[in-house]
Amino acid sequence: MKKILLLFLISCSVYSQSEYPQDYFRNPLDITLVLSGTFAELRSSHFHGGLDIKTQRKQGLKVYTAAKGYVSRIKVSHFGYGKAIYITHPNGYTTVYGHLQKFSKRIEQYIKDCQYEKESFEVEMFPNTEELLVEPNEVIAYSGNTGSSGGPHLHFEIRDNQERPMNPMLFGIDVKDTKAPFVSAVYAYPKDENALINGKNERVPLRLIPQKTGDYEVEKITAYGNIGFGITSYDKQDLAPNNNGVSNIQTFFNGNKSLEIDFKRFSFDESKHIKRLIDYEYFKSKKSRIQKLFIQKNNPLSLYKNINDNGYIKVEDSTSSVYKVRIRDFKGNETWVTIPVKGKYKVIKKEAQGDASNKSLIYSDKTTTLEAENVTVNFYSNTLYDDSYIDFKVVSDTLHLHEDKIPLQKNFYINYDLSNYKSEHRDKIYIARLYGYYKKPYYVSTKRKGNIISAGSKEFGTYALAIDTIAPTIEPINFQDKKWLSKYRYLKVKIEDELTGISKYRATVNGKWILMEYDYKTKMLTHDFNDNIVRDTRNELKIIVTDNVGNSSTFEATFFRK
Ligand SMILES: [Zn+2]
């Protein structure tokens, strides 16, 4: 009976799954799969590379290898996936497990040996094929909340042999989902200055009319020329309220395929071009993502299929046509949006172009340098997607570089010349981005070369010079100087640096380096006495913490253990 049900489910799925091994990979946890994040869903600057599996708001759940194989990579980092392990399987695929609390005993020891050898909490290791073999159903780690994780969960990926993440659900990793995706907004866009939507040559919101079936009709629009559409859509699964990503979007114009976006697999190189998929300006002002159902120039995303006229439609005068969007989740639940389009030509008075005299033109395919007295900004070719006029104004040390509403493919570089800067603390000056109403300065990673300081950024905005002469603070949390800590398992210290943030830390006991794990979210450094490094009765602890412009603090204390 179970087999029949399984076959039925597979045949209902969107994709032909025979090309991917089924039932090869198991659920890496031994609880029912409930997701807080789906594959390829839209994140701030990338597509999500895996499944975020809920861990019942707890840490410490057993994490099993999805299949037998060998540990091919281990990465421990402050940010990103935090503590992560990669297992390569005999069939060529690699599974990834992120935000872990800790590893199984054998693997944990392997990592600690490396950490003590390198004298660093952050390590990346590539064990060879023989070193750490894992058997089917072996516990490899415990789930956690390390790195850039906003709450306890397991980040789980399956990658192909070219390191491209794929939807784990293609392999039969199953999640209950009987709900169809929903749509919260639809917009129409003119392709060029001759196109019209409801008489306007601009992005136009369309009125959605939800139907009893779960599908949507859109109030009839009038249009002329080449236009495209954009949609905001999400999918909910049965066992969690989270708004997740959809799996596939297809568009049709008068019954013919216009464009398909298929979120089955991508490469990490292309992930940043999510900025080209979404309406970046709208996202920055409204915090909601419209996915554009047309392809503009300089869009290298591999997610598109069945491309006709880059997804744009051409509307002639006095015609009646229908544009349809079909949105599907991985389980094949689908939602349709139907947009009736009436062709209607209208002469529009071209609005006078805005005064571009105080703006600087940056070509997408050329190198451009903007200069003011003490500041230069370099744009190398392919920094922008489109040739754009941007605001560039320097007042004293403050650089106004447009607003963060034009997407960038890569960094531009800001260079300040500090030659005329009369400050005894010249080496403590850094480049800051000013945010918000109060123009609060945020450190931007700043490099120095003689009197020039430079920083790269992928976001337009306001930048300025700031100075940090304040050293980090170091505060013991669970002990005091000259105390006995025999019964303690952990040594905890809080470290903080308000302006430029912590760049490095080093802790020793009686001159010997000790591993302290750093959690940037709680600002806590933790040493585990079970590392069995601290064995003397009298112990001199010394911790040195340095911020990003080189201010440093030293903390010293004596403690006793027996
Ligand atoms: Zn994740």
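The values are calculated or read from the model by the stated rules, or taken from the named source; none is laboratory data. Computed from a predicted model, the values in this text were never measured in an experiment. Every residue, glycine as well, gets a Cβ built from its backbone with ideal geometry; the counts of neighbours run over all protein chains shown.
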**Report entry** segment 492-527, subset crowded, with 16+ Cβ neighbours inside 10 Å and of a type in the set (Asp, Glu), residue farthest from Phe560 (Cα to Cα)
**Finding:** Asp497
Report summary line: Selection over segment 48-101 where residues are within 11 Å of the ligand (Cβ to nearest atom) and in contact with a Phe, Trp or Tyr (Cβ under 9 Å, 6 or more places away or on another chain) yields a count of 12
Report task. Scan segment 28-39 residue by residue and report those that are more than 11 Å from the ligand (Cβ to nearest atom) and in contact with a strand residue (DSSP E or B) (Cβ under 9 Å, 6 or more places away or on another chain). Result -> Pro28, Leu29, Asp30, Ile31, Leu33, Val34
Query raised in the report: Do we have Glu475 as assigned to a strand (DSSP E or B) and of a type outside the set (A, V, I, L, M, F, W, C) here?
Result: yes
Query raised in the report: Within segment 264-284, can one find any residue that is within 19 Å of Lys191 (Cα to Cα), in contact with a strand residue (DSSP E or B) (Cβ under 6 Å, 6 or more places away or on another chain) and aromatic (Phe, Trp, Tyr)?
Result: no
Requested in this report: Report yes if some residue within segment 458-466 is in contact (Cβ under 8 Å) with a residue 60 or more places away in the chain and within 16 Å of Thr546 (Cα to Cα); otherwise report no.
Outcome: no
Requested in this report: Go through segment 419-439 and give me each residue that's part of a strand (DSSP E or B) and more than 14 Å from Asn374 (Cβ to Cβ).
Outcome: Tyr430, Ala432, Arg433, Leu434, Tyr435
**Report entry** Top-ranked residue in segment 535-551 [being buried (at least 18 other Cβ atoms within 10 Å of the Cβ) and among the hydrophobic types (A, V, I, L, M, F, W, C); ranked as farthest from Ala507 (Cα to Cα)]
**Finding:** Val549
Report summary line: Among strands (runs of 3 or more DSSP E) entirely inside segment 155-236, those with 2 or more residues being surrounded by 15 or more Cβ atoms within 10 Å (Cβ to Cβ) are 182-190, 204-206, 216-218, 221-234
Report task. Look at segment 449-472 and say how many of its residues are in a loop (DSSP other than H, G, I, E, B), within 30 Å of Tyr380 (Cβ to Cβ) and within 31 Å of the chain's Cα centre (by Cα). Result -> 4
Query raised in the report: Only one of (1) surrounded by 14 or more Cβ atoms within 10 Å (Cβ to Cβ); (2) modelled with pLDDT under 95 fails for Ser72. Which number is that?
Result: (2)
**Report entry** Scope segment 148-179; condition closer than 13 Å to His48 by Cα and more than 10 Å from the ligand (Cβ to nearest atom); matching residues
**Finding:** Ile158, Arg159, Arg164, Pro165, Met166, Asn167, Pro168
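Might you let me know whether segment 354-363 holds any residue that is of a type in the set (Lys, Arg) and under 29 Å from Ile502 (Cα atoms)?
no
Tell me whether segment 130-152 contains one or more residues that are small (Gly, Ala, Ser), in contact with a His (Cβ under 6 Å, 6 or more places away or on another chain) and more than 20 Å from Lys58 (Cα to Cα).
no
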